[in-house]
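Participant: One structure, pasted below without further comment.
The values are calculated or read from the model by the stated rules, or taken from the named source; none is laboratory data. In this text the structure is predicted, and so the values were computed from the model without any measurement. Here the Cβ is made from the backbone with ideal geometry for all residues, glycine too, and neighbour counts use every protein chain on show.
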Amino acid sequence: MRVVVLGGLGGWPSASQGCAGFLIEHQGFRLLVDPGYATLQPLLTRLSAAAVDAVYVSHGHPDHCADLEPLLRARVLADRSVPALPVYAPTGSLDALLAIDEPGLIDPAYRLHGFTPGDGFDIGPYAVRTWSLPHWVPNAGLRLSVGGTVLAYTGDTGPSPALVELARDADLLIADATYVDQMPDRQVGFLSSAAEVGRYATAARTKEVLLTHLWPGTSPDAAVAAARRAFRGPVGVARPGLVVDVPA
């Protein structure tokens, strides 16, 4: 399984980096996870819009899904013979986004599969399990399994015992690390710190951690150092263009 980082910021994009976005490839199947603000252009440097096989959205905040709409436009307006793109998202989470365009314009471009966080299903070659994780809106943590390899992704989440189950023995955990250590009062319970990620990754016996959703301006080195206080395995930060090959 190969993970290509398209962006790794939370909230809004910077001049040089987009928000959350990951392209996950296995045996020619291309799954786009959380196409947030400013992730479409780096995606299109690697492949055409028509080459995406499926999309998974953890929740409906625009820093995790906004670039789905121009992706659908790129598919339907360039070539109306392209098959409808399967899109998996918590039920109702994309209603507002998919309604912003001219009525009916992008409807042929996608096939929406709504689900309830906690459901399990398949996407292409991947066995998918989802977890309901605490956030302001329904957020579905993702666990992908294929060929003996496991990737876990939190989306945006506050502390939860479910995070250990989600990340249990995962080969790679991509985790919300919006803050380094101290959380603002209004964010407590809804977002995570890099220090918290280190603690639950250790409890879950995760093999490797990739920190994502850093607040713009946060020091990546400080985030890594905070996670490493509790986690002794490899720790990285999601940066555009980073490629991680996840071994079985």
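Participant: Filter segment 179-193 down to the residues that are of a type outside the set (Phe, Trp, Tyr) and buried (at least 19 other Cβ atoms within 10 Å of the Cβ), then identify the one that is farthest from the chain's Cα centre (by Cα).
Facilitator: Top of the filtered list is Met183.
Participant: For segment 39-50, does any single residue satisfy the condition of being under 29 Å from Val243 (Cβ atoms) and exposed (fewer than 13 other Cβ atoms within 10 Å of the Cβ)? Before the answer, list the steps.
Facilitator: Residues of segment 39-50 under 29 Å from Val243 (Cβ atoms): 39-50.
Then drop every residue that is not exposed (fewer than 13 other Cβ atoms within 10 Å of the Cβ), which leaves 45.
Scanning segment 39-50 turns up at least one residue that is under 29 Å from Val243 (Cβ atoms) and exposed (fewer than 13 other Cβ atoms within 10 Å of the Cβ).
Participant: How many of the residues making up segment 201-219 are surrounded by fewer than 24 Cβ atoms within 10 Å (Cβ to Cβ), hydroxyl-bearing (Ser, Thr, Tyr) and under 25 Å from Leu23 (Cα atoms)? Show your work before the answer.
Facilitator: Our first condition is that a residue be surrounded by fewer than 24 Cβ atoms within 10 Å (Cβ to Cβ); within segment 201-219, this holds for 202-205, 207-208, 215-219.
Retained after the next criterion (residues that are hydroxyl-bearing (Ser, Thr, Tyr)): 202, 218-219.
Then drop every residue that is not under 25 Å from Leu23 (Cα atoms), which leaves 218-219.
Here the count works out to 2.
Participant: Report yes if Arg111 is farther than 19 Å from Leu68 by Cα, among the basic types (Lys, Arg) and touching a strand residue (DSSP E or B) at 6+ places or on another chain (Cβ under 8 Å), otherwise no. Write out each step before concluding.
Facilitator: Working: farther than 19 Å from Leu68 by Cα: no; among the basic types (Lys, Arg): yes; touching a strand residue (DSSP E or B) at 6+ places or on another chain (Cβ under 8 Å): yes.
It is false that Arg111 is farther than 19 Å from Leu68 by Cα, among the basic types (Lys, Arg) and touching a strand residue (DSSP E or B) at 6+ places or on another chain (Cβ under 8 Å).
Participant: Among the residues of segment 59-87, how many are among the hydrophobic types (A, V, I, L, M, F, W, C), in a loop (DSSP other than H, G, I, E, B) and at pLDDT 95 or above?
Facilitator: Just the residues of segment 59-87 that are among the hydrophobic types (A, V, I, L, M, F, W, C), to begin with: 65-66, 68, 71-72, 74, 76-78, 82, 84-85, 87.
Filter once more, so that each one left must be in a loop (DSSP other than H, G, I, E, B): 66, 82, 84.
Now narrow it down to the ones that are at pLDDT 95 or above: 66, 84.
Final tally of qualifying residues: 2.
Participant: Considering each of Asp181, Asp169, Asp176, Asp156 in turn, give the residue that is touching a strand residue (DSSP E or B) at 6+ places or on another chain (Cβ under 9 Å), over 25 Å from Ala222 (Cβ atoms) and touching a residue at least 24 places away in the same chain (Cβ under 8 Å). Talk me through it step by step, then tell me what you get.
Facilitator: Details: Asp181 fails: over 25 Å from Ala222 (Cβ atoms); Asp176 fails: over 25 Å from Ala222 (Cβ atoms); Asp156 fails: over 25 Å from Ala222 (Cβ atoms).
Unique residue meeting the criteria: Asp169.
Participant: Any chance segment 69-84 includes a residue that's touching a residue at least 12 places away in the same chain (Cβ under 8 Å), closer than 22 Å to Trp131 by Cβ and buried (at least 24 other Cβ atoms within 10 Å of the Cβ)?
Facilitator: No: zero hits.
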